[in-house]
Amino acid sequence: MRAELYRMATIRSSWVSIALFGFVAAAFGVLDANWWALFAGVGAFGISVLTVAQHYQHRTIALLYLARPQRLPVLFAQVLTTVAVGWVLAALSGITALLRWGGGTYRHTLIVVPVMAVFGAAAAAIVRRASWLLIGFAVWIVVVEGLIGKLDGELPISAYLDAARGDMFGLEVFIFWAVATLAAAVPFLNRDLSSD
C-alpha cells in the first residue's frame, strides 16, 4: 500500500486526475447532493481504474510481481489503496454538498464510495486497459442504465445511486456487484503478462 500511495503522489497524471475528479465532484455538490454523489462515485471508479490499469499499461506490473510473486496480496493492496484515496476524495469534495444540502446523502455516499473503488479496481484487474474500461463505463451508464434501465433496477450504477440516497437494499446489491467483480478478477491475475 505504501508503494501505491507513493506512486500516486509522485506520478503527475495520478494527482492531476485526483484533483480534477475532486474539483468536478465539489462543483456539482453545489448544484445538487445527488449529482455530487454520482461524481464522487465516478471519481472513485476512475482513480481505482487508473491506479490498477496503469501498471499493465506501463508494464510495471511484471516488476511488481517479481518483487511480490504472490499476486493476490498485490491486488488487495491496490484495492485498499484505491478505497482509501477514493474515500478521502469523496469526503473532501463533498464538503460543498454537506454545507449546502445537509448530511444525509453525504453520509450515505461515504459508506458506498469505498465499494465503488473496489468495483473499479477489480474491473481494471480484469480488463487491464484504462481507456477501454472508462469508455465502456461511460457507455454503460448512458445507454444501458440511463436510456434502457432509466437508472432503476439492480444494475451496478443504479444500485450505487440508490445506496447513496440511503437505500440499504441498493447498498446490498452494489456490494454484491463489487464482490462478484473482485471474485472474477482473482482468476485473471495469473494471465500471461506478455499477451497484454
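The values are calculated or read from the model by the stated rules, or taken from the named source; none is laboratory data. As the structure is a prediction and not an experimental result, all values here were calculated from the model. Every residue, glycine among them, receives a Cβ derived from its backbone with ideal geometry; neighbour counts consider all protein chains shown. What goes into the accessible areas is simple: the full protein's heavy atoms, side chains included, and nothing from ligands, DNA or RNA. Shrake-Rupley method; radii C 1.70, N 1.55, O 1.52, S 1.80 Å.
Key figures for this structure:
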quantity: Residue ID - farthest from V83 (Cα to Cα), chosen from residues in the range 47-68 that are buried (at least 24 other Cβ atoms within 10 Å of the Cβ) and not hydrophobic (A, V, I, L, M, F, W, C); calculated: T51
quantity: Residue under evaluation L80, criteria (1) at pLDDT 90 or above; (2) among the hydrophobic types (A, V, I, L, M, F, W, C); (3) farther than 22 Å from I157 by Cα, criterion not met; calculated: (3)
quantity: The range 69-81, residues that are open to solvent by 50 Å² or more (accessible area, probe 1.4 Å) and either of a type in the set (V, I, T) or free of Cβ contacts under 8 Å to residues at least 40 places away in the same chain (or both); calculated: P69, Q70, P73, F76
quantity: Pairs where the first residue, in the range 17-44, is open to solvent by 20 Å² or more (accessible area, probe 1.4 Å) and the second is not in a helix (DSSP H, G or I), C-beta under 8 Å, 6+ apart; calculated: A26/G94; N34/R165
quantity: Single match in A184, A124 (criterion: open to solvent by less than 20 Å² (accessible area, probe 1.4 Å), touching a helix residue (DSSP H, G or I) at 6+ places or on another chain (Cβ under 7 Å), under 30 Å from P69 (Cα atoms) and touching a residue at least 12 places away in the same chain (Cβ under 8 Å)); calculated: A124
quantity: Matching residues in the range 13-39 - criterion: being farther than 22 Å from V115 by Cβ and among the small types (G, A, S); calculated: S13, A19, A27
quantity: Qualifying residue in the range 82-93 (condition: more than 16 Å from L5 (Cβ to Cβ) and either without any contact (Cβ under 8 Å) to a residue 24 or more places away in the chain or among the hydroxyl-bearing types (S, T, Y) (or both)); calculated: yes
